[in-house]
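The values are calculated or read from the model by the stated rules, or taken from the named source; none is laboratory data. Everything quoted here is computed from the prediction, not taken from an experiment. Quick reminder, even Gly has a Cβ in these numbers, built from the backbone with ideal geometry, and neighbours come from all protein chains shown. Just so you know, the surface numbers come from the protein's heavy atoms only, side chains and all, with ligands and any DNA or RNA stripped out. Shrake-Rupley method; radii C 1.70, N 1.55, O 1.52, S 1.80 Å.
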Amino acid sequence: MPYDSFLDRTPAGPVVAGTPVTWRLVAPDARVVTLLLSAPDSGMQAVVMDATATGWTATFTPPQIGAWYYAFRLETATGQMTWAAVTGGYGGRAQQYHDPNTAPWYQLSVVAKLETVPAWYRDAKIYHIFVDRFANGNPDGHVNAPKPSSFLYGQLSDHPYYVKDAAGEVVRWDFYGGNLQGIRAKLDWLQQQGVTALYLSPIFEARSNHRYDTGDYKRIDPMLGTLDDFKALVADLHERGMHLILDGVFNHVGRDSRYFNALGTYDDVGAAQSRDSPYADWFNFKHYPDDYDSWWGVKDLPAICKDAQSFHDFIAGGPDSVIGYWTGLGVDGWRLDVVDELASDFVTQIRTLLATYPDRVLIGEVWEDASHKVAYGKRRPYFDGGQLQAVMNYPQRQLMLDFVQGQLAPAQLGRRLLTLQENYPPAVFAYNFTSLSTHDTPRVLTVLDHDLARLQQVLMLWAVLPGNLVQFYGDEAGLEGGPDPQNRRYYPWGHEDKAVQALYAQVTQWRQLPALAGAAGFAPFWDGEVFGVVRYAQAQVVVAVFNAGAQPVTLDPASADLRYVPEWLRSVVRPVTVAAHGCDLQTH
């Protein structure tokens with residue numbers, strides 16, 4: 001094969017601007033080979049490659065940050081052709097195109113600096129809690145400060161249910177009564193599960209149960225507890241060496257909020273009450289006061305104007321801002337909701353403020369490959385240096401689920417994982433925020449039709465692939481549920497599925513292996529229907545093998561594609577028979 005982006009470009013992965021990059025290509029029939037590069041500003045570079053005894057080579061130093069793209073033009077005795085990435089733009093072996101206009105080019109990520117993450121965040125096991133649905137810490141089980149025009153469930157085992165009007169808007173929010181004291185009461189249990197950090201759904205005052213409709217950014221929702229409860233939770237976590245990540249919802253607020261105040265709930269004059277409101281420039285009214293920009297047309301969620309600098313300063317303008325205030329109280333990290341909806345300079349402002357506090361982390365909600373995410377016509381510079389340190393690893397989640405359900409061939413899985421590694425800075429790939437379920441997706445057990453063999457397989461994949469494990473509350477107890485609201489059931493305390501619990505406990509044990517640390521080497525391989533992973537650290541090598549098919553298969557190292565496994569490690573890949581929908585893990 002003339003070119004493989006995973007093997008024939010040095011250095012591999014993202015590079016810092018100003019770093020020389022060398023390409024090697026084998027094309028014995030070519031008379032001239034030209035490296036074509038597309039710069040982030042749409043400028044083009046053409047570098048004629050030098051012929052050597054072993055092929056063709058070229059070195060180019062990208063001068064500016066951003067997503068560069070490249071391909072190769074070959075001139076032979078029979079004409080001209082283009083060598084480029086396969087359909088979808090995935091890295092790896094090149095494909096030949098006679099029509100250059102149909103060729104997807106390879107990506108080269110050029111950054112100002114390679115992102116880093118705090119020591120506590122490396123290899124963290126993070127537990128994602130939807131606070132209303134986890135635990136009630138009141139000794140008598142009473143619900144704190146019930147909200148008007150809402151309802152409480154008769155039994156905690158009742159399934160969530162929305163009461164909506166004819167327009168599809170929720171008119172009665174439902175609550176179970178989980179609170180911050182409930183989380184504090186479960187900290188011993190969480191530590192026993194190997195959890196090192198908590199990620200909480202929004203905890204600020206709001207009308208709904210999910211609290212993505214913020215009412216007051218500087219007040220804990222009374223249903224969840226008090227400011228003292230929050231401070232006590234932070235103190236308990238830090239005393240145990242654990243950490244706290246909060247959900248930052250800064251693209252929209254609630255219609256019933258201090259800032260919009262359409263229902264007159266707050267004493268402040270909101271933007272929906274007067275054009276002279278101090279918050280008036282935060283919103284865009286198409287017809288005052290009843291028609292305004294909102295998140296995806298949901299009128300309960302008025303959208304913040306993207307260029308509202310006064311809002312940006314309110315959120316991230318200094319120690320007295322929203323992020324400054326809560327981070328000063330001990331919050332260790334923030335996950336930015338719908339980060340692609342936020343102005344790029346706003347994200348930079350948030351990161352700049354967080355950088356004034358030691359050992360903080362900033363994570364973004366991105367559903368695609370974040371290295372080339374385009375929103376509102378512009379590529380987002382999340383990893384160019386100075387914005388995000390990690391993203392929600394939805395692409396890897398989808399790859400894992402597609403594979404175990406037989407919808408993705410082993411070679412495709414390997415190529416796509418290596419493409420993520422090629423596009424993301426090393427620390428991002430190693431420590432990305434990697435979930436199997438979230439509050440926005442069906443539960444993993446539901447996706448897999450309660451097939452425990454497939455669940456065990458995807459859990460082992462989750463354990464052996466790079467990325468921090470982020471576990472949605474209740475997955476380990478066997479909670480099921482389709483899309484919202486069924487994925488937000490109350491934790492089944494005392495009624496956990498023991499078989500599922502045992503599978504999750506095994507994941508925690510596997511993740512203690514040195515070779516499964518984020519910084520350990522990663523090399524996928526495949527043999528027909530078998531997918532394999534070699535992870536390696538100084539003191540240990542782990543080989544994991546997976547069969548997503550309905551029949552047992554035997555791995556034959558002689559026929560396996562081991563090109564991405566370092567030569568000195570290939571001998572650890574040994575014959576093994578893997579059961580249908582099965583997996584095997586060996587340590588060396």
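Cβ separations smaller than 9 Å between residues 6+ apart or across chains give the following pairs from region 99-119 residues that are closer than 27 Å to Tyr357 by Cβ to residues that are outside any strand (DSSP E or B) and acidic (Asp, Glu): Val111/Asp384; Ala112/Asp384; Lys113/Asp384; Pro118/Asp332; Pro118/Asp359; Ala119/Asp359. Can you find even one residue in region 110-125 that is more than 24 Å from Ala430 (Cβ to Cβ) and modelled with pLDDT of 95 or more? Within region 110-125 (the criterion being more than 24 Å from Ala430 (Cβ to Cβ) and modelled with pLDDT of 95 or more), the answer is no, since none of the residues qualifies.
So, Leu455, is that one surrounded by 24 or more Cβ atoms within 10 Å (Cβ to Cβ), touching a residue at least 24 places away in the same chain (Cβ under 8 Å) and within 20 Å of Gly518 (Cα to Cα) or not? No. Being closer than 20 Å to Gln405 by Cα and part of a helix (DSSP H, G or I) is a property that Leu459 has. Of all residues in region 66-103, those satisfying the criterion of being β-branched (Val, Ile, Thr) and either under 24 Å from Asp369 (Cβ atoms) or loosely packed, with under 13 Cβ neighbours inside 10 Å (or both) are Thr78, Thr82, Val86, Thr87, Thr102.
For (1) among the aliphatic types (A, V, I, L, M); (2) under 28 Å from Gln309 (Cβ atoms); (3) open to solvent by 10 Å² or more (accessible area, probe 1.4 Å), each residue gets a yes or a no:
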position	(1), (2), (3)
Leu180	yes, no, no
Arg207	no, yes, yes
Tyr217	no, yes, no
Leu224	yes, no, no
Leu233	yes, no, no
Asn261	no, yes, no
Asp267	no, yes, yes
Ala271	yes, yes, no
Ala280	yes, yes, yes
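Does Tyr473 satisfy the condition of being touching a Lys or Arg at 6+ places or on another chain (Cβ under 8 Å), among the aromatic types (Phe, Trp, Tyr) and open to solvent by 10 Å² or more (accessible area, probe 1.4 Å)? It is false that Tyr473 is touching a Lys or Arg at 6+ places or on another chain (Cβ under 8 Å), among the aromatic types (Phe, Trp, Tyr) and open to solvent by 10 Å² or more (accessible area, probe 1.4 Å).
Flag: Val428 matches the condition of being among the β-branched types (Val, Ile, Thr), open to solvent by less than 20 Å² (accessible area, probe 1.4 Å), within 20 Å of Asp332 (Cα to Cα) and in a helix (DSSP H, G or I). Applying the criterion of being in contact (Cβ under 8 Å) with a residue 60 or more places away in the chain and in contact with a Lys or Arg (Cβ under 8 Å, 6 or more places away or on another chain) to the residues of region 292-319, the residue that is surrounded by the most Cβ atoms within 10 Å (Cβ to Cβ) is Leu301.
If you scan region 38-51, which residues turn out to be in a strand (DSSP E or B) and touching a residue at least 60 places away in the same chain (Cβ under 8 Å)? Quick ask: steps written out before the conclusion?
Of all residues in region 38-51, those in a strand (DSSP E or B) come to 38, 44-48, 50-51.
Correct list: Ser38 only.
Return yes or no: is Thr327 of a type in the set (Val, Ile, Thr) and open to solvent by 10 Å² or more (accessible area, probe 1.4 Å)? When the stated conditions are applied, Thr327 does not pass them.
Looking at Gly532, is it out of contact with any Cys (no Cβ under 7 Å at 6 or more places or on another chain), over 23 Å from Val447 (Cβ atoms) and open to solvent by 10 Å² or more (accessible area, probe 1.4 Å)?
On the way: out of contact with any Cys (no Cβ under 7 Å at 6 or more places or on another chain): yes; over 23 Å from Val447 (Cβ atoms): yes; open to solvent by 10 Å² or more (accessible area, probe 1.4 Å): no.
When the stated conditions are applied, Gly532 does not pass them.
Considering only residues in region 52-65 that are open to solvent by 40 Å² or more (accessible area, probe 1.4 Å) and part of a loop (DSSP other than H, G, I, E, B), the one that is farthest from Ala17 (Cα to Cα) turns out to be Ala53. In summary, helices (runs of 4 or more DSSP H) completely within region 303-408 and bearing 3 or more residues that are under 21 Å from the mean Cα position of the chain (by Cα) and more than 29 Å from Gly241 (Cβ to Cβ) occur at 344-354, 394-404.
Give Asp268, Asp247, Asp256 a once-over and let me know the one that is in contact (Cβ under 8 Å) with a residue 40 or more places away in the chain and either among the small types (Gly, Ala, Ser) or not in a strand (DSSP E or B) (or both).
Residue meeting the stated conditions: Asp256.
Of all the residues in region 24-37, those that are open to solvent by 10 Å² or more (accessible area, probe 1.4 Å), β-branched (Val, Ile, Thr) and in a strand (DSSP E or B) number 1. For region 66-103, taking the residues that are of a type in the set (A, V, I, L, M, F, W, C) and assigned to a loop (DSSP other than H, G, I, E, B), the one that is nearest to Pro14 (Cα to Cα) is identified as Ala85.
When residues of region 362-386 are filtered for being in contact with a His (Cβ under 9 Å, 6 or more places away or on another chain) and surrounded by 22 or more Cβ atoms within 10 Å (Cβ to Cβ), how many remain? Total meeting the criteria: 1.
Taking the condition open to solvent by 10 Å² or more (accessible area, probe 1.4 Å), in contact (Cβ under 8 Å) with a residue 24 or more places away in the chain and part of a loop (DSSP other than H, G, I, E, B), does Gly494 pass? Judged against the criteria, Gly494 is not a match. Sub-8 Å Cβ pairs linking a first residue in region 163-182 that is over 22 Å from Val131 (Cβ atoms) to a second residue that is small (Gly, Ala, Ser), at least 6 apart or interchain, are Val171/Ser149, ordered by first then second residue. Residue-level analysis places Arg24 among those that are touching a Ser or Thr at 6+ places or on another chain (Cβ under 7 Å) and basic (Lys, Arg). Taken together, Lys164, Lys186 contain a single residue that is under 26 Å from the mean Cα position of the chain (by Cα) and open to solvent by 50 Å² or more (accessible area, probe 1.4 Å), which is Lys186. Would you confirm whether or not region 39-56 contains a residue that is within 30 Å of Phe522 (Cα to Cα), among the charged types (D, E, K, R) and at pLDDT 95 or above? Scanning region 39-56, I find no residue that is within 30 Å of Phe522 (Cα to Cα), among the charged types (D, E, K, R) and at pLDDT 95 or above, so the answer is no. Scanning for something buried (at least 18 other Cβ atoms within 10 Å of the Cβ), part of a loop (DSSP other than H, G, I, E, B) and in contact with a helix residue (DSSP H, G or I) (Cβ under 9 Å, 6 or more places away or on another chain), does region 502-510 turn up at least one residue? No; the residues of region 502-510 include none that is buried (at least 18 other Cβ atoms within 10 Å of the Cβ), part of a loop (DSSP other than H, G, I, E, B) and in contact with a helix residue (DSSP H, G or I) (Cβ under 9 Å, 6 or more places away or on another chain).
Would region 537-558 turn up any residue that is touching a Pro at 6+ places or on another chain (Cβ under 9 Å), within 30 Å of Gly177 (Cα to Cα) and crowded, with 17+ Cβ neighbours inside 10 Å? No: region 537-558 contains no residue that is touching a Pro at 6+ places or on another chain (Cβ under 9 Å), within 30 Å of Gly177 (Cα to Cα) and crowded, with 17+ Cβ neighbours inside 10 Å.
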